[in-house]
Every structure is written in structure tokens, then in C-alpha cells.
1. Cut-off is 10 Å between beta-carbons; in what order do Leu136, Leu79 appear when sorted fewest neighbours first?
2. Which of Ser149, Ser84, Ser41 has the fewest other C-beta atoms within 10 Å, and how do the rest follow up to the most?
3. Report the paramagnetic label zone for Leu123: residues of segment 54-96 whose backbone N is under 19 Å from a point 7 Å from Cα along the Cα-to-Cβ axis.
4. Looking at the square roots a ≥ b ≥ c of the eigenvalues of the Cα gyration tensor of segment 29-151, which shape do they give, rounded for a/c under 1.5, prolate if a/b is larger than b/c, or oblate?
5. Sort His69, His140 so that the residue with the fewest other Cβ atoms within 10 Å of its own Cβ comes first and the one with the most comes last.
6. Whose amide H sits under 5 Å from the amide H of Gly67, counting only residues 5 or more places off or on another chain, with H placed in the peptide plane?
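Values in this text are rule-based calculations from the coordinates and carry no lab data. Please read all numbers here as calculations on a predicted model, not as lab measurements. Cβ placement follows ideal geometry from the backbone for every residue including glycine, while neighbour counts extend to all protein chains displayed.
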Amino acid sequence: MLIPRRRLAWVFLAILAAACSLVAPKYQRPDITVANVQLVSGNFLQQNFLVTFNVVNPNDRALPVTGLHAELNVGGERLASGVSNRPFVVPAEGSTQFDMTITANLAVALLKLSQKPDNQAHLIDYEMTGSATVDLPFLHELPFRQKGSFDLGAR
């Protein structure tokens, strides 16, 4: 019995897609942390910070980053954001640092803090999200997300 050409084409495409998924490299997400923050300029409504990020690449291949965007949310409100199109390479199983200008609105953070109950005023919940644009076949975006809280009462 002959298989119709259309069905044969679908089978071929399914096999090709499966083969591509076997060839595509599996990348673990890089760990991105803030290493330093320096106020560059600003006023009451807008502040510009030079933020130094540390990127750790747990993969056995170098990570060529062509761009990055990040956003910092405090109490569900966007407090700061920034983008960078300056390329850099994170070595295989290594780390590197890069700088990015972040624009913030600290007035929003102060407003959020003033609305917290007194017994939790020293805790600030945050979430940093974003993604790195990478120059790799089969992979173009590496998203990242970190959540936590700052304890302003800790000494």
C-alpha cells in the first residue's frame, strides 16, 4: 500500500522537527545579580543609576549577549527599568560584569512604603524581571526573574 504524498510530507516534517529538537542546545538560565549601584543624576521624580550586574553562565558554551532589558517592581509597581544594546560575552562556566543605566522613580517607592502597615514597614518586596537577547542558533531570548524582599530593619 502506498502512503499518500501529503501524509508522507507530514511524517517527514515531524521527523525533521524531532531531529532539530535533539540538536538544539539546552541552556540553563544565567544567574544575574546586582553588584553595584551608583546614582548618576536625578531629581525628585526621576533618578538615573549606573547599575553593575554580575552574570554567571552555568553552561558549557559561551553566552554572546547582544542586549538586555530589566525591570524592578516594588509592591507590584514598576520602580525602575533600563535597556542596553551593548554586546558582551559571558564565558562558558564563567562570569562577567556589565553596566547599564537604570531610570527609577523613588517617589513611587516612598509612597508604597508609606501605605504599608507599621509592623511590616521595614520589609520591601521586590521582583526583578527581564531578558537577555543572545546570538545563538535556536535560542534568542533568555528570560530571568528574581523575587525577594529587602529588610530595612536588619543591621
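1. With the sparsest Cβ surroundings first, the list reads Leu136, Leu79.
2. In increasing order of surrounding Cβ atoms, one gets Ser41, Ser149, Ser84.
3. In segment 54-96, the label zone of Leu123 (backbone N under 19 Å from the point 7 Å along Cα→Cβ) covers 73-77.
4. Here segment 29-151 falls in the prolate category.
5. So the ranking, lowest neighbour count to highest, is His140, His69.
6. For Gly67, the qualifying residues are Thr133.
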